[in-house]
Amino acid sequence: MMPPEEVVGRLRSGMTIGIGGWGSRRKPMALVRALLRSEVTDLTVVSYGGPDIGLLAAAGRIRELVTAFVTLDSIPLEPHYRAARERGDFALTEIDEAMFMWGLHAAANRLPFLPVRAGIGSDVMRVNPGLRTVTSPYEEEGVREEFVAVPALRMDAALVHLNRADRLGNGQYLGPDPYFDDLFCEAADAAYVCCEQLVETAELTKDAVPQTLLVSRHSVTGVVETPNGAHFTSCAPDYDRDEAFQKLYAATPWPEFAERFLSGADEHDYQLAVQAWHKEQR
């Protein structure tokens, strides 16, 4: 087990970093906040984007973003991401959700690409002129079908958040959706799992539905216990999204938000700042 700062200490400027979760759901926010407290920058970020992207974009840490969307779910378009894009702060590779998933699959299987039907006939090919197509070597009724060759989304490191994990790196989700955290871990050279609660392996597997044991130790480099570490995104069933705080985040100018909530020394300071704000609202 390691603290968030040790994880970030293993990251370097210029890396390609994958961030698990989906939109404003089960994001490894404690690790993102630790990244903001570091000097790591010039990142290529691969993510089904949410406030992780908004924070990193507003702080000027992204060189290139690979994504299918960047949303806060209840707020359709992440506002700090939007502002950074309108300024032209970083390059964007925008592909659809299925293409993104198969890019992760290709990387997890150490393939250079995988052929998919998604994207054919759409503007995805126009806005991503670097994408290529391949023709099937097999005929069906005399036709060789054309596919998009989705490149592997290889990453130097992946950051994910799960409900439970053991010290070995086995991780479990307890909510309604696994998202693609397992693929992020398998597609990266190193993977770091933060969790709401660290438990013994026997407790993790006792009476567990097998498919909830999402992440296996063979693909994990390190584990971080971070209670409430997905805040302000949801981590069902442990807690819902903090909608009131998310609205504050979306409506507050970045320098003001960063000064109040992100200028502390560690994750504990962030959590205290959030608690203080909630008390003010009563």
Task: Net charge, Ala187 excluded, C-beta distance under 13 Å - Lys, Arg +1, Asp, Glu -1 - done: -3
- [ ] Mind giving me the nanometre distance, one decimal, between the label points for Phe245 and Leu92, set 7 Å out from Cα along Cα→Cβ?
- [x] 2.8
- [ ] Run down the aspartates and glutamates and flag those whose C-alpha is under 18 Å from the C-alpha of Lys247, throwing out any fewer than 8 positions away in its chain.
- [x] Asp52, Asp73, Glu78, Glu256, Glu259, Glu280
Open item on the list: Under the 0.36 nm per residue contour assumption, what length would be gained going from the current alpha-carbon distance of Ser136 and Glu203 to full extension?
Closed with: 19.4 nm
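Give the peptides 79-92, 27-40, 251-264, 128-141 in descending order of average Cβ contacts within 10 Å, highest first.
With the highest mean Cβ count within 10 Å placed first, the list reads 27-40, 79-92, 251-264, 128-141.
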Task: Ranked packing of 14-24, 103-113, most packed first, by mean Cβ within 10 Å - done: 14-24, 103-113
TODO: Taking each pair of different alpha-carbon atoms in the range 214-253 once, compute 1/r for the pair, average those values, and report the inverse of that mean as the Kirkwood hydrodynamic radius in Å to one decimal.
DONE: 12.3
Task: Cleavage-rule hits, trypsin sites (Lys or Arg not before Pro), the range 150-225, DSSP coil, Cβ neighbours within 10 Å at most 16 - done: Arg167, Lys206
- [ ] Order the peptides 275-281, 94-100 from the highest to the lowest mean number of other Cβ atoms within 10 Å of their residues.
- [x] 94-100, 275-281
Open item on the list: How large is the direction-averaged shadow of the alpha-carbon convex hull of the range 60-127, in nm²?
Closed with: 5.8
Task: For the range 241-279 and the range 49-93, distance of Cα centres in Å - done: 18
Task: Label-point gap, in nm, between His218 and Asp269 - each point 7 angstrom along Cα→Cβ - done: 4.2
- [ ] With runs of 4+ DSSP H residues as the only contributors, calculate the mean residue ellipticity of the chain at 222 nm using -39,500 (n - 2.57) per run, divided by the residue total and rounded to the nearest 500.
- [x] -8500 deg cm²/dmol
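Every number in this text was worked out from the coordinates using simple rules, so none of it is lab data. Source: prediction; values computed, not measured. Ideal geometry is used to build each Cβ from the backbone, glycine not excepted, and the neighbour counts take in all protein chains shown.
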